Amino acid sequence: MINDSLDFQFVINNIASTLEPHERVVADATPPWNFVVVFSAIFVMVFNKQVFTQRFRMLLTAFYKSRDTGKTTREWNPVMSINGLLFVMTYVALLALVLQKTVVMFSGNLILYNNFDFYLEICVFIAAYLVIQHLIATFLGWLFGFEKAVNHQETLHLSAITVLNTVMMLLCLVVLFYPKKIFLIIIVSLILVMTGIRLSKLFFEIHFLSKMNYFNIFLYLCSLEIIPISVAITMACRLVATNCVL
């Protein structure tokens, strides 16, 4: 009799604890500001395509057509234009979103990194890097007399940014609705591949435009492009692995 009552209480208690309602926590929910960033980027790209159609097409094709790069720099200065500024701002916003999502998904630290403040910090870091890179390249071009090569370099960079914006805004939409690591790996891989192609083109085109020897060009690209990118990748990897960039 005692055993039967104990068994009965044991079974009833288990069922009650199993049926108790629990609050559902949705960790993968996409914050609304993510959609604001992506749709703002889409608006900027569509606006440029409709209002500045010719310039938009020239920047897109300049990445893989060297003659279009030269034609672009002869007809107008895209780096100092409103189009260039809008493309760079869009690039900063989308790239920061990609990096923020990558850190969140691979580190698993939703509380610390899945917030707007962390996103803004990445935006400031990318924007500061681009501004410093532009200032140093302009100064070196003026100092050593290869301004034409610097203009070519920055136009090719802006062309790559335009292409990447088109790719990132589409893939970011996919990531927002299907937050899977594979999509972020694809985006980051495309960014690295296009950066490698751009630097390879620059290596030979700067030599042609400035007559600098290859060793000096290598040092120039290392100081402005390769080393900062390597440091940024190292910081991101350490952030994912140890929650610390140092």
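What follows is calculated from the coordinates using simple rules that are stated; it is not laboratory data. Predicted, not measured: the structure shown is a model, and the values here were computed from it. With ideal geometry, Cβ positions are generated from the backbone for all residues, glycine too; neighbour counts draw on all protein chains shown.
Data overview
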quantity	calculated
Alpha carbon centroid spacing (whole Å) that separates the stretch 71-96 from the stretch 124-175	8
Cβ charges +1 (Lys, Arg) and -1 (Asp, Glu), total dipole of the stretch 28-242, debye	560
Longest segment of the chain lacking trypsin sites (Lys or Arg not before Pro) that sit in a DSSP loop with at most 15 other Cβ atoms within 10 Å	66-179
Degrees, to the nearest 10: 32-51 long Cα axis against longest axis of the chain	30
Choice from Asn165, Asn213, Asn48 with maximal GNM fluctuation in the chain (Cα, 10 Å cutoff)	Asn213
In the chain, lysine pairs with alpha-carbon atoms under 18 angstrom apart (chain gap of 8 or more, or interchain)	9
Length-normalised contact order of the chain in % [C-alpha pairs under 8 Å, at least 6 apart]	23
Protection proxy ranking of 189-195, 223-229 - average other beta-carbon atoms within 10 Å, highest first	223-229, 189-195
For the chain, built as a Gaussian network whose Cα springs stay under 10 Å, the top-fluctuating residue of Phe204, Phe116, Phe215	Phe215
Equivalent-ellipsoid semi-axes of the chain, from the Cα gyration tensor, Å, largest first	49, 20, 14
